[in-house]
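The next block holds one structure in the form of structure tokens; read it before the comments.
The values are calculated or read from the model by the stated rules, or taken from the named source; none is laboratory data. No experiment lies behind these values; they were computed from the predicted model shown. FYI the Cβ positions are ideal-geometry reconstructions off the backbone, even for glycines, and counts take in every protein chain you see. Protein only, heavy atoms only, side chains kept; ligands, DNA and RNA dropped before computing areas. Shrake-Rupley method; radii C 1.70, N 1.55, O 1.52, S 1.80 Å.
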Amino acid sequence: MSRPVKLLSISIALVCLLLALNFGLRSSMGFFMAPISNQFGYGREVFAFALALQNLWWGLSQPIAGAFADRFGTLKTIWIGAVLYALGLYVTATADGVFGLNMGAGFLMGMGISATGFGVVLPAMARMVSPEKRSFALGLGSAAGSAGQLLVIPVAQGFISAYGWSTALMLMALCALMMVLLSSPFRQSNDVSGNAVQSVSQTMKEALQEASAYSHYWLLVVGFFVCGFQLAFITVHMPPFLSDQGFSSEVAVASLSLIGLFNIFGCLLSGSWSGKYSKKKLLAIIYALRALSIAAFMYFPMTTYSVYAFSIVTGLLWLATVPPTSGIVAQMFGLRYMGLLYGIVFLGHQLGSFSGVWLGGYLYDKTGSYDVVWWAACVIALITALLHVFIDDRPIARLRTAMA
């Protein structure tokens, strides 16, 4: 068993940079919708569907990436993912039709994101640190993704303005390959969970069967579906939505940057509170606050100040769901197969992302407005808040018996 890694260390810093790059690159894709759609003469649904496919393939491949990391190691998984990520950006940059957009921005990028993002890296981070630091480490990793959104989006927008959308995507492909270098902390596997008894006699198949038969696990999956619906819809459709409301592209950049900035604080607070308070109650509060913030944003007159206020509140709640959700998976089933089991939960998140991105484009083309999707996101957030009240987030009976 390896010694725990300190939170203030080069290893954790490199992992955080990797997550920042992973999250920041894909968060910038919404700014390519207008130039790509205008050049090819498409409606917004075409590129929105490619990004919806990205979220779908990200989700479908996440359990596979998690299982691969559990079996063959995080390092190999990230190397493969970085190559796929870069290839997807390159194919998108050179696409001359719908097939190329769906293959690059959808299929290849989706698989690349899954193998280099939260579903693979957070379980590895949880195993790197001591048990008492685990929740905060998950929050730190989530905050790093937010920092990537804050830093990469303005750079991507600058690339588009200076070089055009195609060259900008090629430059971003080179950035994606940097994740190979940033994965060096995973050259040596660390397992300092202190709970080896939890799964020493369990196979991957048995772990999957155990989780599949546990209803509270599926409630967690359903809840994360709603999280994905909201986040992906806002990430992709916020820039064109604000443009429709008469705001400049600078306001859209500032909006998403504010979300990224305040998400850093939200993730760190969520990670800290997840180690002190009930994770399911924390999730219920987060989803309820999301619903209230959307309702206020849509009900009151929209100004630059209200956009920024909504962005700040949304940022505080943005990825605040990740530390308690991933923490509940580890709490329920242990760390041994967390990559696989959290990957399935994340699949639910990405099915929601697919729905949010695609429905946003589809309903806009049909109605000329995003209002229906905004209000739908509000209602399902309230339902999700109630669902989490009934989740039993204790370790399953097998683990309680083993610990006793």
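Using 0.36 nm per residue of separation minus the Cα-Cα distance, give me the extension gain between Thr203 and Leu269 in nm, one decimal. Write out the running numbers ahead of the final one.
Working: separation 66, 0.36 × 66 = 23.76 nm, distance 3.48 nm.
Full extension from Thr203 to Leu269 adds 20.3 nm.
Helix 338-367: angle to the longest alpha-carbon principal axis of the chain, degrees 0 to 90, nearest 10?
20 degrees
Run the dipole for the range 203-403 about the Cα centre, Lys and Arg Cβ at +1, Asp and Glu Cβ at -1, nothing else charged, and hand back the magnitude in debye, nearest 20.
Numbers: 11 positive and 8 negative charges, 157 e Å.
The dipole magnitude comes to about 760 debye.
Within the chain, what's the longest run with no trypsin sites (Lys or Arg not before Pro) in a DSSP loop and at most 14 other beta-carbon atoms within 10 Å? Give the range, please.
Values: sites that count: Lys6, Lys276.
Longest run free of exposed loop sites: 7-275.
Nearest 10 degrees is fine. How inclined is helix 10-27 to the longest principal axis of the chain, computing both from alpha carbons?
40 degrees
In the Gaussian network model of the chain, springs joining C-alpha atoms below 10 Å, which of Gly88, Gly327, Gly368 carries the largest mean-square fluctuation?
Gly368
Could you tell me how far the Cα centroid of the range 66-94 sits from the Cα centroid of the range 220-290, in Å?
The range 220-290 and the range 66-94 have Cα centres separated by 26 Å.
Choose one of His237, Phe262, Val345: the residue whose Cα lies farthest towards the positive end of the charge dipole of the range 203-403 (beta-carbon charges +1 Lys, Arg; -1 Asp, Glu; about the Cα centre).
Final value for the positive-end residue is Val345.
Report, largest value first, the span of the C-alpha coordinates of the chain along each principal axis, in whole Å.
62, 42, 36
Take Ala309 and Gln245, extend 7 Å from each Cα along the Cα→Cβ direction, and tell me the distance between the two endpoints in nm.
So the two model labels end up 1.2 nm from each other.
Working out 0.36 nm times the residue gap between Met170 and Thr401, then minus their Cα-Cα distance, what length gain in nm do you get to one decimal? List each step's numbers first, then the result.
On the way: separation 231, 0.36 × 231 = 83.16 nm, distance 5.34 nm.
Between Met170 and Thr401, full extension yields an extra 77.8 nm.
If all Cα-Cα distances of the range 207-350 are sorted into 5 Å bins from 0 onward, what percent lands in each bin, rounded to whole numbers?
Distribution as computed: 2, 9, 18, 20, 18, 12, 9, 6, 3, 2, 0 percent.
Could you state the angle between the C-alpha long axis of helix 74-93 and the longest principal axis of the C-alpha atoms of the chain, as a value from 0 to 90 degrees rounded to the nearest 10?
Approximately 10 degrees, to the nearest ten.
Determine which lysines satisfy two conditions relative to Lys76: a Cα distance under 30 Å, and not lying fewer than 8 residues away in the same chain.
Output for Lys76: Lys6, Lys133, Lys205.
Ignoring ligands, DNA and RNA, what accessible area per residue does the chain give at 1.4 Å, in Å²? All intermediate terms of the calculation are to be shown ahead of the outcome.
Values: 15710 Å² over 404 residues.
Value for the chain: 39 Å² per residue.
Between the DSSP loop rule and a limit of at most 13 other Cβ atoms within 10 Å, which chymotrypsin sites (Phe, Trp or Tyr not before Pro) in the range 348-404 are left?
Details: sites: Phe354, Trp358, Tyr362, Tyr364, Tyr370, Trp374, Trp375, Phe390; in loops: Tyr370, Phe390.
Counting only loop positions with at most 13 other Cβ atoms within 10 Å, the chymotrypsin sites (Phe, Trp or Tyr not before Pro) in the range 348-404 are Phe390.
Binning every alpha carbon pair distance of the range 198-290 at 10 Å from zero, what are the percents per bin?
Pairs per bin, as whole percents: 12, 30, 30, 19, 7, 2, 0.
Send over the per residue convex hull volume for the range 1-188, Cα only, as a whole number of Å³.
Details: hull volume 18.9 nm³, N = 188.
About 101 Å³ per residue, rounded to a whole number.
Which ³J(HN,Hα) values in Hz, rounded to whole numbers, follow from the phi angles of the range 229-235 under the Karplus curve 6.51 cos²θ - 1.76 cosθ + 1.60, where θ = phi - 60° and Gly and Pro get x?
Per residue, the Karplus-derived 3J(HN,Hα) values read 4, 5, 5, 5, 4, 5, 4 Hz.
When the dipole is taken about the Cα centre of the range 1-188, and only Lys, Arg (+1) and Asp, Glu (-1) are charged at their Cβ, what size is it in debye, to the nearest 20? It would help to have the intermediate numbers written out before the result.
Working: 10 positive and 4 negative charges, 136 e Å.
Dipole about the Cα centre, nearest 20: 660 debye.
HN-Hα J couplings of the range 296-311 from phi, Karplus 6.51/-1.76/1.60, θ = phi - 60°, integer Hz, Gly and Pro as x?
Each residue of the range 296-311 in turn: 5, 4, 7, 7, 8, x, 8, 10, 4, 5, 5, 4, 5, 5, 4, 5 Hz.
Pop out the ³J(HN,Hα) list for the range 126-140 in order, Karplus 6.51 cos²θ - 1.76 cosθ + 1.60 with θ = phi - 60°, rounded to Hz; leave Gly and Pro as x.
Values, residue by residue: 4, 7, 6, 10, 6, x, 6, 9, 5, 4, 5, 4, 5, x, 5 Hz.
Suppose every K and R has +1 on its Cβ and every D and E has -1 on its Cβ; what is the size of the dipole of the chain about the Cα centre, in Debye to the nearest 20?
Values: 21 positive and 13 negative charges, 254 e Å.
Dipole magnitude for the chain comes out near 1220 debye.
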